[in-house]
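The values are calculated or read from the model by the stated rules, or taken from the named source; none is laboratory data. Only a predicted model underlies this, so the values are computations on that prediction, with no experimental measurement involved. FYI the Cβ positions are ideal-geometry reconstructions off the backbone, even for glycines, and counts take in every protein chain you see. Only protein heavy atoms, including side chains, enter the accessible area calculation; ligands, DNA and RNA are left aside. Shrake-Rupley method; radii C 1.70, N 1.55, O 1.52, S 1.80 Å.
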Amino acid sequence: MSASDRELLQRSASGDRSAFDAFVERHGADVFRYARWVAGDETDAEDVLQQTFLDAWNAAGEARAESGARAWLLSIARRNALRVSSRRGAAREREQSLEELGELAGFGDLEHTPERVARAAEERGLVEAALAALEPEEREILVLRDIEELSGASVAELLGLSLAAQKSRLHRARLRLAAQLRRHSGLEQQA
């Protein structure tokens, strides 16, 4: 944790609201962005954000996050988002093989390479739609690694995975994202 985050949390633990307000101001946007992706919509993300900072306020004196305040907050947000998701009872897709995911992502298709698919998706503004179509666990790992840019070790710790399991889950999520980008960009029908 940076010294200033540590200081803000220590002051917050002593009841200093202004210190906690500064802490929320510093990290609120990151927590909300993450919560929106994990929870699936803005209303649930707002609930997750509020509960996360309420939990952080209550645990400010006990914060012992080796990975930093941001990772500590995201771990709290994750627990809260999972509670929201479990209340909604989201349905899970069947497990697909890596070969099947690779085929859906277009690997081996020389005309529609993953680079062309990604470029077409960006041009059409479909990245968000493709991410939203993923399962929450897939979206979460992509957001943590590729958008929030946490290290593999931090993501593994946050999700309670081994580093190898984190890498495997990230690879699978990237393949599924590529498949969604193909589907949303219309390239799947052209192949």
> Once fully extended, how much extra length lies between residue 41 and residue 18, figured as 0.36 nm per residue of separation less the alpha-carbon to alpha-carbon distance?
Replying inline: 5.3 nm
> Using alpha-carbon pairs under 8 Å, 6+ residues apart, how would you state the relative contact order of the range 137-191 in percent?
Replying inline: 32
> In Å², what does the accessible area per residue of the range 20-83 work out to with a 1.4 Å probe?
Replying inline: 48
>> Keeping all protein chains in the complex and leaving out DNA, RNA and ligands, what accessible area do you get for residue 79 with a 1.4 Å probe, in Å² to the nearest 10?
In response: 120
> If you average over every viewing direction, what projected area does the convex hull of the Cα atoms of the range 8-86 give, in nm²?
Replying inline: 4.6
> Using a simple spin-label model with points 7 Å from Cα along the Cα→Cβ vector, what separation in nm is obtained for residue 165 and residue 147?
Replying inline: 2.4
